[in-house]
C-alpha cells in the first residue's frame, strides 16, 4: 500500500543510502528539480547504483526524470529503466501526447532489454493549468499510467497566484485530479506540504487531502512521513466498524432480509463499498480487527 512518497535528491549519496530506513512506502529519486544541469550525469549514476545495489527493504522505487521538453529525459530513462524501478514520475505532463511520448520510449527500451511491456509504470506529475484541464485524458492515455500526482508549487506559479498554507488556491486542481483519477481507475497523490518545521500544518494538510479522496501524499522531508502514514491508514475504530458492516450484511443474507440497519443507520451500497475499501487497506497494512 502506497500512502507516503518521499523525495530524495538524486545527487546526495548520504540521503540515497539511508532511504530505506526513513519510513516511507515509496522513495522518489529526483533527477529533475533537485539536480542542477551540471550534476545531471552524476545523479543518474548515483540513482542507478542505488537501485542496483541497495536493499530498499520493500520500499517502492520511483524515479522523477526530467521533463520531455528537456535534453535530459531520454538519458534518464536509458540509465535507470534497466534497474526496473516501480514507476517513472513524468514532470510537467501537460497532455496525453506527453504520456504517449514517454510510453513509446519506455516500450522501446523494455523490448531492447528483454522486459515485458509495461514492466515499469508511469505516474504523470500534473503541475500546470493545462495539465489540470487535461487530467482525465492524461490518466487514460496509456495502460502504463498507474497514478496521477499533483505538483502545487509549479502549478501556482503557472496560475500566477501565491502558494499558501491554507491551499485555497489549489482546491479546484485537487478535486479535478481526484475525480479524473477515480474515473480512470488509477491512484492519485497529493502535493508535498513544504514547511518542514510546521508539525501542525502537515496534519491539517494531510487530513484535507485524505478527505478529498487522495490515495496518499508526497513529502520532501522525512519528518512528515509518519504523519502521512498515520493519516492515510485506517484507524482501529474504522477497521472495526467496517467488519461490523460486513458481518451485518452476511447476517442479513442468511436471514433473507433485503434491508439492514447498524447502530440505527441503514446500510446501503456506498457504506458497504467503503467498508470493503477499509478492510482491503487494513489487510494490506497487516492491521486486524480488534479482539472483543
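A few comments on the model shown:
- Checking residue 77 against (1) outside any helix (DSSP H, G or I); (2) under 25 Å from residue 130 (Cα atoms); (3) within 21 Å of the chain's Cα centre (by Cα), the condition it does not meet: (1)
- Boolean, residue 67 is without any contact (Cβ under 8 Å) to a residue 40 or more places away in the chain, outside any helix (DSSP H, G or I), in contact with a strand residue (DSSP E or B) (Cβ under 8 Å, 6 or more places away or on another chain) and under 23 Å from residue 5 (Cα atoms): yes
- Matching residues in the range 206-219 - criterion: being closer than 23 Å to residue 130 by Cα and either part of a helix (DSSP H, G or I) or out of contact with any helix residue (DSSP H, G or I) (no Cβ under 9 Å at 6 or more places or on another chain) (or both): 209, 212
- Unique residue being touching a residue at least 40 places away in the same chain (Cβ under 8 Å) and not assigned by TED's automatic domain parsing to the domain that holds residue 28 when the list is 273, 248, 242, 280: 242
- Residue match in the range 224-238 (condition: over 19 Å from residue 206 (Cβ atoms) and surrounded by 14 or more Cβ atoms within 10 Å (Cβ to Cβ)): no
- Cβ-Cβ distances below 8 Å connect the following pairs, each with a first residue in the range 96-120 that is on the phi > 0 side of the Ramachandran plot, a second residue that is not in a helix (DSSP H, G or I), and a separation of six or more residues or different chains: 118/143; 118/144.
The values are calculated or read from the model by the stated rules, or taken from the named source; none is laboratory data. Keep in mind that what you see is a predicted model, and the values were worked out from it rather than measured. Because the Cβ atoms are built from the backbone with ideal geometry, glycine has one as well, and the counts that use them run over all protein chains shown.
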